[in-house]
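Colleague: Just passing along the structure, written as structure tokens.
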Amino acid sequence: MLNRRNFLTAAVSVAAAGGLAACAKKDGSGSGSGGGSKALSLGFSQVGAESGWRAANTTSVKSAAKEAGINLKFSDAQQKQENQISAIRGYIAQKVDVIAFSPVVVTGWDAVLKEAKAAKIPVVLTDRSVETSDSSLYVTLVGSDFTDEGRRAARMLEKVLAKAGLKGPVKIAQLEGTTGAAPAIERGKGFKEIMDAEHKSDWKIVVSQSGDFTRAGGKQVMAAFLQSHSDINVLFAHNDDMAIGAIQSIEAAGKKPGKDILIVSVDGVHDGFVAMSQGKINGIVECNPLLGPQLMEVVKKVHDGQKVERWIKTKESDYTQDQAKAALPTRKY
Ligand code: GZL
């Protein structure tokens, strides 16, 4: 089976090959700067810049577009759906070839996606999914399986508890991602699936609230958790940035993160690995932000009218504390 690094290399080389093939197209309808053909234009609406994951994702999209010779029009919605909707409307008005976006929340997209469909502009989802009754409103999703990430987080917690030798009831605080966002809904669902099936008697989520995927949110909400639930001994954070914010509040309360309160998080950003190497985070479920090469490969295929899978899942791994130090030097984000 392809491991993550080989998979990414393969995705990049296929994308590059795809790019060359398109440039070499005789009728000049391909993308890229080859043969004097007009570069494929891609309108991309990004969620915002709320986390280290998002920053790495933006860098990957921009560099992959450049690499692929795609004319990228990029907008940052500052985590506001109305900004994404107006950006998409702008791309429709500019008659871009393809629209791609990472929807900040799952609902409220049908109207603008119907406008893109009416303008005959194909839409590709990246990172997060949408809820829609009309499956023709987007071609494909390039992104992770968040429900499985939630399951993997529960499995990671089992390993962490065993390693820590924690006996007695497991009192879990959950820092949820942005309310209404696919990763928040689905990571919570996957974690609860395992908890309900295999830990009904020993695990309990004693408190759960959104920290909006930000460090500030994680810090603020964790401080409140510690005020109201002094018996918390585990934190499940839907992303590393909220876990890093929570660590500040745990330490301010005179407790040791990674010891008094065991922490499992999702993403695998650089600072998450640093916290893990310092013993403050016990395990991380990776969510790969380097979607750029896969996205550009798909965008070219969609533009050329080729068939693509409905969901192109990203490959990712899980890391425990003892793997953190060794992994840090080769982390790509
Ligand atoms: C997951 C992505 C989430 C990350 C957060 O694919 O949508 O949004 O887990 C980010 O760090 O803010």
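The values are calculated or read from the model by the stated rules, or taken from the named source; none is laboratory data. As the structure is a computational prediction, the values presented were derived from the model and not from experiment. With ideal geometry, Cβ positions are generated from the backbone for all residues, glycine too; neighbour counts draw on all protein chains shown. The protein model used for the area step is the full one, side chains on, heavy atoms only, and it has no ligands, DNA or RNA in it. Shrake-Rupley method; radii C 1.70, N 1.55, O 1.52, S 1.80 Å.
Colleague: Take the alpha carbon atoms of the stretch 146-287, find their radius of gyration, then divide it by 2.2 N^0.38 Å using N residues; give the quotient.
Modeller: Rounded to two decimals, the normalised Rg is 0.91.
Colleague: Same structure, new question: Could you give the accessible area per residue of the chain, probe 1.4 Å, as a whole number in Å²?
Modeller: The answer is 43 Å² per residue.
Colleague: Report the number of Lys pairs in the stretch 189-236 whose alpha-carbons are under 21 Å apart, with separation of 8 or more residues or on distinct chains. Walk me through the intermediate numbers first.
Modeller: Numbers: LYS189/LYS200; LYS189/LYS204; LYS192/LYS200; LYS192/LYS204.
So the count works out to 4.
Colleague: Is there a quick way to get the dipole size of the stretch 146-287? I mean about its Cα centre, with the Cβ of Lys and Arg at +1 and of Asp and Glu at -1; what is the value in debye to the nearest 20?
Modeller: The dipole magnitude comes to about 460 debye.
Colleague: To the nearest 20 debye, what charge dipole does the chain have about its Cα centre, counting +1 at the Cβ of each Lys and Arg and -1 at the Cβ of each Asp and Glu?
Modeller: 580
Colleague: Whole-Å semi-axes of the stretch 57-203's equivalent ellipsoid, largest first, each the root of 5 times a Cα gyration tensor eigenvalue?
Modeller: 38, 17, 12
Colleague: Helix-only mean residue ellipticity at 222 nm, the chain, DSSP H runs n ≥ 4 weighted -39,500 (n - 2.57), per residue, nearest 500. What is it?
Modeller: Details: 11 runs with 149 residues, N = 333.
Roughly -14500 deg cm²/dmol at 222 nm, from the helical runs in the chain.
Colleague: May I pose another question? Give me the percent of the accessible area of the chain that comes from carbon and sulfur atoms, probe 1.4 Å, all protein chains in place.
Modeller: Values: 7690 of 14180 Å².
Carbon-and-sulfur percentage of accessible area, whole number: 54.
Colleague: Shifting gears a bit: Where does the charge balance sit around GLN78 when Lys and Arg score +1, Asp and Glu -1, over other residues with C-beta under 13 Å from its C-beta?
Modeller: Taking every Cβ under 13 Å from that of GLN78, the sum is -2.
Colleague: Here's a follow-up. With every protein chain left in place, what is the accessible area of LYS62 in Å² (1.4 Å probe, nearest 10)?
Modeller: Rounded to the nearest 10, the figure is 100 Å².
Colleague: Measure nothing fancy, just the Cα-based angle from helix 292-303's long axis to the longest principal axis of the chain, in degrees from 0 to 90, nearest 10.
Modeller: 40
Colleague: Assuming 0.36 nm per residue, please report the length gained on full extension of the stretch ALA223 to ALA162 beyond their Cα-Cα distance. All intermediate terms of the calculation are to be shown ahead of the outcome.
Modeller: Values: separation 61, 0.36 × 61 = 21.96 nm, distance 2.67 nm.
Using 0.36 nm per residue and subtracting the Cα-Cα distance, I get 19.3 nm.
Colleague: Spin-label point model (7 Å from Cα, Cβ direction): what's the GLU193 to GLU115 distance in nm?
Modeller: Once both label points are built, they end up 3.5 nm from each other.
Colleague: I've got another one for you. For the stretch 80-135 and the stretch 283-315, compute the distance between their C-alpha centroids and round to whole Å.
Modeller: Using only Cα atoms to place each centre, the spacing works out to 17 Å.
Colleague: How much length, in nm to one decimal, is gained on full extension between THR179 and LYS38, taken as 0.36 nm per residue of separation minus their Cα-Cα distance?
Modeller: Residue separation times 0.36 nm, minus the Cα-Cα distance, leaves 46.7 nm.
Colleague: Could I ask something else about it? Find, to one decimal place in angstroms, the Kirkwood hydrodynamic radius of the chain, where the mean of 1/r is taken over every pair of different Cα atoms and then inverted.
Modeller: For the chain, inverting the mean 1/r across all distinct Cα pairs yields 20.7 Å.
Colleague: Set Lys and Arg Cβ to +1 and Asp and Glu Cβ to -1, take the dipole of the stretch 170-306 about its Cα centre, and tell me which of ALA252, HIS238, ASN282 lies farthest positive.
Modeller: ALA252
Colleague: Taking only Cα atoms, what is the 0 to 90° angle, nearest 10, from helix 4-23's long axis to the longest principal axis of the chain?
Modeller: Tilt relative to the chain: about 10 degrees.
Colleague: Once both axes come from the Cα atoms, what is the angle between helix 52-68 and the longest principal axis of the chain, in degrees from 0 to 90, rounded to 10?
Modeller: Relative to the chain, helix 52-68 is tipped by roughly 20 degrees.
Colleague: Please say if the stretch 92-179 is rounded, prolate or oblate, where rounded means a/c under 1.5 for a ≥ b ≥ c the square roots of the C-alpha gyration tensor eigenvalues, and otherwise the choice is prolate for a/b larger than b/c and oblate otherwise?
Modeller: Prolate is the answer for the stretch 92-179, as a/c is 1.5 or above and a/b outweighs b/c.
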